[in-house]
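**Student:** This is the structure, below, for whatever I ask next.
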Amino acid sequence: MPVRAILVGGDNPHANGWLETFAHSPAVSDLALCGTWPGAADGASVYATLEETLETGPFGVGLVCAQNGKAPELATALIEAGIPTLVEKPVARTAKEIAAIETCAQVHGTPWSTCFLNRYHPAVLQMRDWIGQGAIGPLVSVEGRMVTSTVAQRNPRHWLFDRAQSGGGILHWLAIHTVVLIRYISGYEYDCVSGQVATLVEDIDVEEIATATFRLSGGAIGHIHAAYALPRRYGDIQLIARGQRGDITWQSWDYAGRQDQLALQSDVEPWSQSIYLQKSCPAPGGVGYGGQMGLDFLSDFIRAAEEKKPFVCTGLDALRSMQFVEGVYQSAESGQRVDLSN
């Protein structure tokens, strides 16, 4: 049966996309909105305060899509009310704030997750399958690139570039996708990290450019480069996994735009029969944030909460990713490698 949904916040760049997802989801019956939702569809109920909105419950699912500095308080309120809750990434400004949400969820027994939709991306699923099937052998090297359009094109006065409201820059908003995907496709945790950050162009107090070198718990060494640094195009985005028996490259964005092309080279049967294998893995289309991936993510989360089963993404993924980000900041400031194994 479709459930009622409560959406709070609205002052997040992905808010209207998520509003459209919820409005078109067959798993959702109707919407109650609280906050600033300029794209609110006809038929959605809009309330002035969260307390007033909660009184109109019960709700089968909630979404917090707000500024990073506001999201933890809103998420905690929904979780305390027993509402299975999705929180738009990166969830909060700090790992401490995310840990507090996780503790609240454990105390109240309420499922929650963050919106890392790329776990449903066909290219990610294929990479993970190939690695799991041994196509490239034991992992030895990982390389991620998240380079995108400049801060000037994104409005330097936006709250995303104000540390007090956002918590950080390119690492918080976009590179966190790369951080979490490396954990997901490899199956390993981050063991340690060294990093550098810089703000070279705009007058903002968060990083425009970041680089991180890390070791995974399985021993592989990796590197992430992230930057708001492209004045004339959107993306130079790539993820590469190399093993003892082969390698996989996901070219997500390049000069030609979105590509979502995979290339596998392997000396393991049956993949070794080709010099290298190419595969197109475009994201499925559809309405709302992330198209069909967003619709599937939402309906699967609702089903997992109802059936009290594990979901593909949890609050722990948000926490581990933010701990990595803060490790980069700590290393950049101290000049020392930061241990993430505890």
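The values are calculated or read from the model by the stated rules, or taken from the named source; none is laboratory data. Please read all numbers here as calculations on a predicted model, not as lab measurements. Please note that ligands, DNA and RNA were not included when accessible areas were found on the heavy atoms of the full protein model with its side chains. Shrake-Rupley method; radii C 1.70, N 1.55, O 1.52, S 1.80 Å.
**Student:** Once the piece of chain linking C192 and D339 is laid out straight, how much longer is it, given 0.36 nm per residue of separation minus the C-alpha distance between them?
**Tutor:** Gain in length upon complete extension: 52.5 nm.
**Student:** How big is the C-alpha Rg of the stretch 172-235 next to the rule-of-thumb value 2.2 N^0.38 Å, as a ratio?
**Tutor:** 1.25
**Student:** Taking 2.2 N^0.38 Å as the expected size of a compact globular protein, what ratio does the Cα radius of gyration of the stretch 45-106 give against it, to two decimals?
**Tutor:** Normalised by 2.2 N^0.38 Å, the Cα Rg of the stretch 45-106 equals 1.08.
**Student:** While we're looking at this one, here's another question. Separation of the stretch 242-257 and the stretch 299-330 by C-alpha centroid, Å?
**Tutor:** Taking the Cα centre of each part, the stretch 242-257 and the stretch 299-330 sit 25 Å apart.
**Student:** Here is a further query. Kindly state, as a whole number, the per residue volume in cubic angstrom of the convex hull around the alpha carbon atoms of the chain.
**Tutor:** 139
**Student:** Read phi for every residue in the stretch 301-318 and hand back ³J(HN,Hα) as whole Hz from Karplus 6.51 cos²θ - 1.76 cosθ + 1.60, θ = phi - 60°, with x for Gly and Pro.
**Tutor:** The phi angles translate into 5, 4, 5, 4, 5, 5, 8, 6, 10, x, 10, 5, 9, 10, x, 5, 5, 5 Hz.
**Student:** At 1.567 mPa s and 4 °C, plugging the Kirkwood radius over alpha-carbon pairs of the stretch 82-141 into Stokes-Einstein gives what diffusion coefficient in µm²/s?
**Tutor:** 92
**Student:** Please calculate the 1.4 Å probe accessible area of V107, with all protein chains present, and give it to the nearest 10 Å².
**Tutor:** Its heavy atoms expose roughly 110 Å² to the probe.
**Student:** Nearest 5 is fine: what % of DSSP beta bridges in the chain come out antiparallel, could you say?
**Tutor:** 60
**Student:** For the stretch 80-234, state the average projected area of the convex hull of the C-alpha atoms over all orientations, rounded to one decimal in nm².
**Tutor:** Averaged projected hull area, Cα only: 10.8 nm².
**Student:** May I pose another question? How much of the DSSP bridge set in the stretch 86-222 is antiparallel, in percent, rounded to the nearest 5?
**Tutor:** 70
**Student:** Sticking with this one: Among L19, L86, L200, whose mean-square fluctuation peaks in a Gaussian network model of the chain (Cα, cutoff 10 Å)?
**Tutor:** L200
**Student:** Using alpha carbon centroids, what distance separates the stretch 66-88 and the stretch 93-151, in Å?
**Tutor:** Cα centres, the stretch 66-88 to the stretch 93-151: 19 Å.
**Student:** Considering the Cα positions of the stretch 28-141, please state its Rg to one decimal place and its Dmax as a whole number of Å.
**Tutor:** Computed over the Cα atoms of the stretch 28-141, radius of gyration and Dmax are 17.8, 55 Å.
**Student:** Based solely on its DSSP helices, what 222 nm [θ] is calculated for the chain when runs of n ≥ 4 H residues each add -39,500 (n - 2.57) and the sum is averaged over all residues, nearest 500 deg cm²/dmol?
**Tutor:** Helix-only estimate at 222 nm: -9000 deg cm²/dmol.
**Student:** Continuing with this model, one more query. In square angstrom, rounded to the nearest 10, how much accessible surface does Y120 have for a 1.4 Å probe?
**Tutor:** Counting only protein heavy atoms, the figure is 50 Å².
**Student:** Oh, and also: Ordering H223, H108 by how much accessible area each has at a 1.4 Å probe, largest first, what is the list?
**Tutor:** Order by accessible area, largest first: H108, H223.
**Student:** Note down the accessible area of T314, probe 1.4 Å, to the nearest 10 Å².
**Tutor:** 60
**Student:** Using the heavy atoms of the protein chains and a 1.4 angstrom probe, tell me the accessible area per residue for the chain in square angstrom.
**Tutor:** Ligands and nucleic acids excluded, the figure is 43 Å² per residue.
**Student:** Summarise the accessible area of the stretch 97-175 (1.4 Å probe, protein heavy atoms) by the percent that is carbon and sulfur.
**Tutor:** Its accessible area is 52 percent carbon and sulfur atoms.
**Student:** Oh, and also: Give the carbon-plus-sulfur fraction of the accessible surface of the stretch 269-328 in %, rounded to a whole number; probe 1.4 Å, heavy atoms of protein chains only.
**Tutor:** Whole-percent figure for carbon plus sulfur exposure: 52.
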